[in-house]
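The values are calculated or read from the model by the stated rules, or taken from the named source; none is laboratory data. All values derive from a computational prediction rather than experimental measurement. All Cβ positions, glycine included, derive from the backbone under ideal geometry; neighbour counts span all protein chains shown. Please note that ligands, DNA and RNA were not included when accessible areas were found on the heavy atoms of the full protein model with its side chains. Shrake-Rupley method; radii C 1.70, N 1.55, O 1.52, S 1.80 Å.
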Amino acid sequence: PTLREALPRIEIDTVHFGFNEAFVRAEEVANLDRLGEIMERILGKHPREIFLIEGHTDAVGSDASNQALSRQRAAAIKKALTTYYVIPAENLKTVGYGERYLKIPTAEAEQENRRVSVSRGTAVFGELEE
């Protein structure tokens, strides 16, 4: 947790996940444009940079299913970024936190908690090896 808090992150609150869903809907892909373009620019100048994609869920459901769902959401964003932008998969790491870091602290179903965030993880992972 301390290490995670040391990394500045961008919440991708423009991409919405439905309840118990872990895919990026076609109509949501355009919402990744700004992030994809920024990452392309950074990687153009620093091709060994590593980004960490963090998946989150709301508090509904078991810990195990939320953990799996959050990993799947992070993987879906990684797939979209590598499919629609010039971002190599090896520059992206994924992690799922389940309901561990709720944006809105509630046990109820909450759209704001079903999210993904991205941080520059090079400080933690080191640069991508050549």
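Flag: Pro105 matches the condition of being without any contact (Cβ under 8 Å) to a residue 24 or more places away in the chain and outside any helix (DSSP H, G or I).
Being under 29 Å from Leu128 (Cα atoms) and either surrounded by 13 or more Cβ atoms within 10 Å (Cβ to Cβ) or β-branched (Val, Ile, Thr) (or both) is the requirement here; does Thr106 meet it? It is false that Thr106 is under 29 Å from Leu128 (Cα atoms) and either surrounded by 13 or more Cβ atoms within 10 Å (Cβ to Cβ) or β-branched (Val, Ile, Thr) (or both).
Let's see how each residue does on (1) closer than 16 Å to Phe19 by Cα; (2) in contact with a strand residue (DSSP E or B) (Cβ under 7 Å, 6 or more places away or on another chain); (3) touching a residue at least 12 places away in the same chain (Cβ under 8 Å):
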site	(1), (2), (3)
Lys78	no, yes, yes
Ile87	no, no, yes
Glu90	no, no, yes
Gly98	yes, no, yes
Ser119	no, yes, yes
Ala123	no, no, yes
Glu127	no, no, yes
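Considering only the range 39-67, state which residues are in contact with a Gly (Cβ under 7 Å, 6 or more places away or on another chain) and free of Cβ contacts under 8 Å to residues at least 40 places away in the same chain. Matches in the range 39-67: Asp63, Asn66, Gln67.
If the condition is being under 22 Å from Arg34 (Cβ atoms) and open to solvent by 30 Å² or more (accessible area, probe 1.4 Å), then the range 111-130 contributes Gln111, Glu112, Arg120.
In the range 108-130, the qualifying residues are those that are among the small types (Gly, Ala, Ser) and part of a loop (DSSP other than H, G, I, E, B), and the one that is nearest to Leu3 (Cα to Cα) is Gly121.
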